[in-house]
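*Asks:* Starting off with a structure, shown below.
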Amino acid sequence: MLVTVLVLVVGLGIGGAALVAALNVALLRAANAEALDTGNAVAHLVDEGSLSDPIPAPPGVQVQVVDAQNRVRAVSVGTDRLVPILYPAELRTMPDHAGRYLPGDRIGLPGRVRVVSVAAGPSHDRVRVLVARSTADLSQGVHVLRGLLLVAFPLLVGLLALVAWRLAGATLRPVEALRAGAERITGAAQGGRGAGPPQRLPVPDTEDEIHRLAVTLNDMLDRLGAARARQRAFVADAAHELRSPLTTMRTELEVAQRLPDGTDWPALADDLLTDVERLSRLVDDLLLLARSDDSATRAAPAPQTRVDLGELLGQVAARYPAVRYAAPAEPLQVMGEPDALARVVANLLDNAVRHAASVVELAVRADGAYRSITVTDDGPGIPAADRERVFDRFTRLDDARARDAGGTGLGLAIVRELVRRHGGTVTLADAGPGLLVTVRLPGD
């Protein structure tokens, strides 16, 4: 605010000084033009031989006609008849229609005097018409303007400073409210109260830039709050999933340590290997999802190659004895990452085999510009209300049964992420009975 007022004062001061200087220059030019007009008029009378004595002249103006010997031939009323207005040396150095300033007390006029010289008469008898015009009245106008500016300048600066202060205060008041709200939210987060309902910044009633800024910031806070909540849930679920096999392994090892003679060490090793495999699979899944959330990783995906889906699905299906797979009659190719696409099919088959009553079918077919992979089982299926939720991380419709079967709740989340990376979609539908999963990928 102080800087604004200072700039305003400097600007008004420069503007006032420029105004006074411009007015002074304009008035002096007007005085010079008036003197020249008078000199030209008298010279015209000399040329016509009709010059009168005294010479007619306006008030505050002295006129002399001086010959080559510096003798005064004619004058206006109130002008010296003996001594020329200009000294001989000044007359010799002054060109025709030129002028100069003299002190007014030298010729009896107030203030500074503008003197101009105009040549006249025949060539054998040239004379000089000298016109002296006082600038006291003009200077008086400049002095009056300067005085008015000196009086009005502080009042104008004070008024403008007050208006600027009020306008700046009204403009910055919503900004200060936003700052205070942000400080309050920051303090609540640092005080450990971030788990409560999301706090919002105050939104001003005015439909201006500040209003739009507050709305945008509140949207950003909502997104950050949602992301923080998802992160907390993800960390909590990951910790829970890691704790279960670790607790089991710790318990088995403690029992074996207390009862070494009664421990079946080969069976214990098998159990520990099962838990280690489960932990390894969970860590791999978490690492894959973490990389998918990393924007830098998304910007540099793994190189893609041409993949024959019929051959790839056959290789994956061979690992599942319960899966029925009918290879397509012709090659169906897509551009993608073979390992990622194999992971998609394996996750879908793991889920289908885990819940199927007896039959799991795998197929691939051309679907226009796309290639459709379908996995069908005759299990209990998924209710329509839960078909979007099951793609969330660590989501299980039957939590206890899924954990006992080795599921982590990350399979479908990984499927959607990998399919999205390939520009495709994954949908769930009824198989009557059972579940039908369809993955559509852009064809090569």
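The values are calculated or read from the model by the stated rules, or taken from the named source; none is laboratory data. Keep in mind that this is a model prediction, so the values were computed, not measured. Glycine also receives a Cβ, built like all others from the backbone with ideal geometry; neighbour counts cover every protein chain displayed. Remember, those area values only see protein heavy atoms, side chains included, never the ligands or the DNA or RNA. Shrake-Rupley method; radii C 1.70, N 1.55, O 1.52, S 1.80 Å.
*Asks:* Where residues in the range 413-425 are among the basic types (Lys, Arg) and more than 10 Å from Val439 (Cβ to Cβ), which of them is surrounded by the most Cβ atoms within 10 Å (Cβ to Cβ)?
*Replies:* Just the residues of the range 413-425 that are among the basic types (Lys, Arg), to begin with: 416, 420-421.
Among the residues that remain, those that are also more than 10 Å from Val439 (Cβ to Cβ) are: 420-421.
Details: Arg420: 12, Arg421: 17.
Among residues in the range 413-425 that are among the basic types (Lys, Arg) and more than 10 Å from Val439 (Cβ to Cβ), the one surrounded by the most Cβ atoms within 10 Å (Cβ to Cβ) is Arg421.
*Asks:* Counting only residues that are outside any strand (DSSP E or B) and touching a strand residue (DSSP E or B) at 6+ places or on another chain (Cβ under 6 Å), which one in the range 329-340 is least open to solvent (accessible area, probe 1.4 Å)?
*Replies:* Leu332
*Asks:* Okay, next question. Would you confirm, using the coordinates I've provided, whether Ala363 is open to solvent by 20 Å² or more (accessible area, probe 1.4 Å) and modelled with pLDDT under 90?
*Replies:* Numbers: open to solvent by 20 Å² or more (accessible area, probe 1.4 Å): yes; modelled with pLDDT under 90: no.
Against the criterion (open to solvent by 20 Å² or more (accessible area, probe 1.4 Å) and modelled with pLDDT under 90), Ala363 does not qualify.
For (1) surrounded by fewer than 20 Cβ atoms within 10 Å (Cβ to Cβ); (2) assigned to a helix (DSSP H, G or I); (3) touching a Leu at 6+ places or on another chain (Cβ under 8 Å); (4) at pLDDT 90 or above, each residue gets a yes or a no:
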| site | (1), (2), (3), (4) |
| --- | --- |
| Arg298 | yes, yes, no, no |
| Pro303 | yes, no, no, no |
| Val344 | no, yes, yes, yes |
| Asn351 | no, yes, yes, no |
| Arg354 | yes, yes, no, no |
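*Asks:* If you don't mind, another one. Only one of Leu19, Leu28 is open to solvent by 50 Å² or more (accessible area, probe 1.4 Å) and either on the phi < 0 side of the Ramachandran plot or touching a His at 6+ places or on another chain (Cβ under 8 Å) (or both). Can you tell me which? Spell out how you get there, then give the answer.
*Replies:* On the way: Leu28 fails: open to solvent by 50 Å² or more (accessible area, probe 1.4 Å).
Only one candidate passes the filter, namely Leu19.
Results for (1) open to solvent by 50 Å² or more (accessible area, probe 1.4 Å); (2) touching a strand residue (DSSP E or B) at 6+ places or on another chain (Cβ under 6 Å), shown as yes or no for each residue.
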residue: Val65; (1), (2): no, yes
residue: Arg71; (1), (2): yes, no
residue: Thr79; (1), (2): no, yes
residue: Gly104; (1), (2): no, yes
residue: Arg112; (1), (2): yes, yes
residue: Ser117; (1), (2): no, yes
residue: Ala120; (1), (2): no, yes
residue: Ala132; (1), (2): no, yes
residue: Ala136; (1), (2): no, no
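*Asks:* Of everything in the range 369-396, what is on the phi > 0 side of the Ramachandran plot and touching a residue at least 60 places away in the same chain (Cβ under 8 Å)? Give them in sequence order.
*Replies:* Going through the range 369-396, the residues on the phi > 0 side of the Ramachandran plot turn out to be 381, 394.
Listed by number, the list holds a single entry, Phe394.
*Asks:* So, of the residues in the range 54-63 that are open to solvent by less than 20 Å² (accessible area, probe 1.4 Å) and among the aliphatic types (A, V, I, L, M), which turns out to be nearest to Ser134 (Cα to Cα)? Working first, answer last.
*Replies:* Initial filter on the range 54-63 (open to solvent by less than 20 Å² (accessible area, probe 1.4 Å)): 55, 61-63.
Next, from what is left, pick out any that are among the aliphatic types (A, V, I, L, M): 55, 61, 63.
Details: Ile55: 17, Val61: 7, Val63: 12 Å.
Looking at residues that are open to solvent by less than 20 Å² (accessible area, probe 1.4 Å) and among the aliphatic types (A, V, I, L, M), I get Val61.
*Asks:* Here are Leu428, Leu410, Leu435: which of them is within 39 Å of the chain's Cα centre (by Cα), of a type in the set (A, V, I, L, M) and either open to solvent by less than 30 Å² (accessible area, probe 1.4 Å) or at pLDDT 70 or above (or both)? I'd like the intermediate steps shown before the answer.
*Replies:* On the way: Leu428 fails: within 39 Å of the chain's Cα centre (by Cα); Leu435 fails: within 39 Å of the chain's Cα centre (by Cα).
Among Leu428, Leu410, Leu435, only Leu410 is within 39 Å of the chain's Cα centre (by Cα), of a type in the set (A, V, I, L, M) and either open to solvent by less than 30 Å² (accessible area, probe 1.4 Å) or at pLDDT 70 or above (or both).
*Asks:* Return the residues of the range 81-102 that are open to solvent by 30 Å² or more (accessible area, probe 1.4 Å), among the aliphatic types (A, V, I, L, M) and either under 26 Å from Ser139 (Cβ atoms) or touching a residue at least 12 places away in the same chain (Cβ under 8 Å) (or both); say none if nothing qualifies.
*Replies:* Val83
*Asks:* Which residue out of Ala26, Ala35 is over 25 Å from Pro122 (Cβ atoms) and of a type in the set (A, V, I, L, M, F, W, C)?
*Replies:* Numbers: Ala35 fails: over 25 Å from Pro122 (Cβ atoms).
Residue meeting the stated conditions: Ala26.
*Asks:* Also: Restricting to the range 221-231, and then to whatever is open to solvent by 80 Å² or more (accessible area, probe 1.4 Å) and not basic (Lys, Arg), can you tell me which residue is farthest from Ala182 (Cα to Cα)? Even if it seems obvious, please write down each step before you answer.
*Replies:* Pass one, the range 221-231, residues open to solvent by 80 Å² or more (accessible area, probe 1.4 Å): 223-224, 228, 230-231.
Of the ones still in play, those that are also not basic (Lys, Arg) are 224, 231.
On the way: Leu224: 14, Gln231: 22 Å.
By that ranking, first place goes to Gln231.
*Asks:* What's the total number of residues in the range 91-140 that are of a type in the set (Ser, Thr, Tyr) and closer than 15 Å to Val72 by Cα?
*Replies:* Step one: of the range 91-140, the residues of a type in the set (Ser, Thr, Tyr) are 93, 101, 117, 123, 134-135, 139.
Within this subset, residues satisfying the condition of being closer than 15 Å to Val72 by Cα are 117.
The number of residues fulfilling the criteria is 1.
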